[in-house]
1. When both residues are 6+ apart or on different chains and their Cβ atoms are under 9 Å apart, which pairs have a first residue that lies in segment 22-39 and is part of a loop (DSSP other than H, G, I, E, B), and a second that is surrounded by 14 or more Cβ atoms within 10 Å (Cβ to Cβ)?
2. Test Leu345 against the stated conditions and say whether it is in a loop (DSSP other than H, G, I, E, B), free of Cβ contacts under 8 Å to residues at least 60 places away in the same chain, surrounded by 14 or more Cβ atoms within 10 Å (Cβ to Cβ) and in contact with a strand residue (DSSP E or B) (Cβ under 8 Å, 6 or more places away or on another chain).
3. Out of the residues in segment 376-391 meeting the condition of being within 36 Å of the chain's Cα centre (by Cα) and in a strand (DSSP E or B), tell me which one is surrounded by the fewest Cβ atoms within 10 Å (Cβ to Cβ).
4. For Val424, indicate whether it is under 40 Å from the mean Cα position of the chain (by Cα) and either at pLDDT 85 or above or in the same structural domain as Gly337 (by TED's automatic domain parsing) (or both).
5. Within segment 40-62, which residues are assigned to a helix (DSSP H, G or I) and out of contact with any helix residue (DSSP H, G or I) (no Cβ under 8 Å at 6 or more places or on another chain)?
6. If you check Ser252 against the conditions, is it closer than 30 Å to Leu209 by Cα and either modelled with pLDDT of 85 or more or part of a helix (DSSP H, G or I) (or both)?
7. When residues of segment 20-46 are filtered for being aromatic (Phe, Trp, Tyr) and either under 24 Å from Leu289 (Cβ atoms) or modelled with pLDDT of 85 or more (or both), how many remain?
8. Give the residues of segment 304-320 that are surrounded by fewer than 18 Cβ atoms within 10 Å (Cβ to Cβ) and among the hydrophobic types (A, V, I, L, M, F, W, C), sorted by residue number.
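The values are calculated or read from the model by the stated rules, or taken from the named source; none is laboratory data. These figures come from a predicted structure and were not determined experimentally. Virtual Cβ from ideal backbone geometry, glycine too; neighbours counted across all protein chains shown.
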Amino acid sequence: MYNARMIENLRQRLELFIWGDLLAQYGLPGRVLATVLRYLYAVLRDIMSGQLTLRAMSLVYTTLLSVVPLLAFSFSVLKGLGVAEQLEVRLSGVLEPLGENGVQITARLMDMVDKVNGGVLGGIGLSFFLYTAISMVQKIEESFNYVWYVTESRSFARRFTEYSLVLLIGPVLIVIALGMLTSLQNDAFVQYLINNNIVGPLLIAGSKLIPYLLVTAVFTFLYMFMPNTSVNLSAALVGGLAGGALWALTSSAFAAFVVDSTSKYLVYATFAIAIITLIWLYLNWLILLIGAQLAFYYQNPAYLRLGRREPRLSCSMRERLALNIMFLVGKEFRSPGKGLTVRRLAGALRIPSLTLAPILKGLQQAGLLTISETEQLQPGRETTRISLNDILAVVRIQGETGSHRVPRWSPAVDLLGAEVDAAVATTLGEKTLSDLLDNAGV
């Protein structure tokens, strides 16, 4: 009991030190340090909660199932472009921290991919490969949606179209990037600079940063594309830079660990390569999710201290929220624009979609709201047939869990509650959503 109280006191002092104004008294350096500590505290808190590590482990399992079909599909595209060998070199670079094991794993993967001939990629084989690859991307999207508090995934049509587009265009972009790097290396002016005694060492040192810059670019792209929400470029770039730097540090540390762990190979024997590969995959996925978490906090700094606590809304807030949701849906229905999705609704109300989800679900179950195949929010019926009383009933009456027996209210309380309900019904009268929109001049 005493230890628990002491730990709680330490936690409160730490939070006061990080979130208080103590460091801000030291000017710009203090404010910068406070900001870094707040982001670090938030990320460590999320890691300790176990969800990020659990999802990273899940992605490791998905990777083991999908890596060969994914590489086979990518290589089938790259072979048509005549640059499959360059991708093999880049894959070997990604696995470089595994040391000699990375070389062996690359060779085995390439051997399995080479055995996948064009006939297998036709018909049912191609469908299976696409399904496996898309399943992996879907798993990544679900993890990113969790980080970004997004409750609705892409529809099947969007998922299939966008994922297939990435799988087809991704290898082409890799070809363009590799082609640009190759042309730069062969450029006469670049060769002249490399041979220069002053500029040459700087260029050679800078060329070693290219793998990390490519990782940063890939991370940034994933942070912008994968979540089913709008991500600012600045937030994605912050997450990409942090993830790329963390990946570089982890790669160096892991490579040193592999070199110094030769004695462990004797214990695990032939399983050593598999175990080291699993650890490396886990670290890569965890780093990717940590970068996504930083990108989310950069775009939504209000969550730094709050974290993933369950949103709690007052009864008044839930009532206004339900009315406002239906008002915006009705307004979009009358004056169509870009379309109203859950993401745009959350942006318009400045409320996370995670908070909106229970109310949206209640409105759907009541038949007041529908979501189309293109994820557009639309009225469940004519606005003239949606009474404001029905909307408020979703959050005031419906959705309670209740008990096996009818509660026994005190007569005075029961009477007062009935009077409150009657007052609300009288105030709203026969007003409908259409009346609300008319009064607002929509």
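1. Correct list of pairs: Leu22/Gly30; Leu22/Ala34.
2. Judged against the criteria, Leu345 is not a match.
3. Checked segment 376-391; the qualifying residue surrounded by the fewest Cβ atoms within 10 Å (Cβ to Cβ) is Gln378.
4. Values: under 40 Å from the mean Cα position of the chain (by Cα): no; either at pLDDT 85 or above or in the same structural domain as Gly337 (by TED's automatic domain parsing) (or both): yes.
No, not satisfied.
5. Residues satisfying the conditions are Leu40, Leu44, Arg45, Met48, Ser49, Leu54, Tyr61.
6. yes
7. Of the residues in that region, 2 qualify.
8. If the condition is that a residue be surrounded by fewer than 18 Cβ atoms within 10 Å (Cβ to Cβ) and among the hydrophobic types (A, V, I, L, M, F, W, C), then Leu306, Leu313, Cys315, Met317 are the ones that fit.
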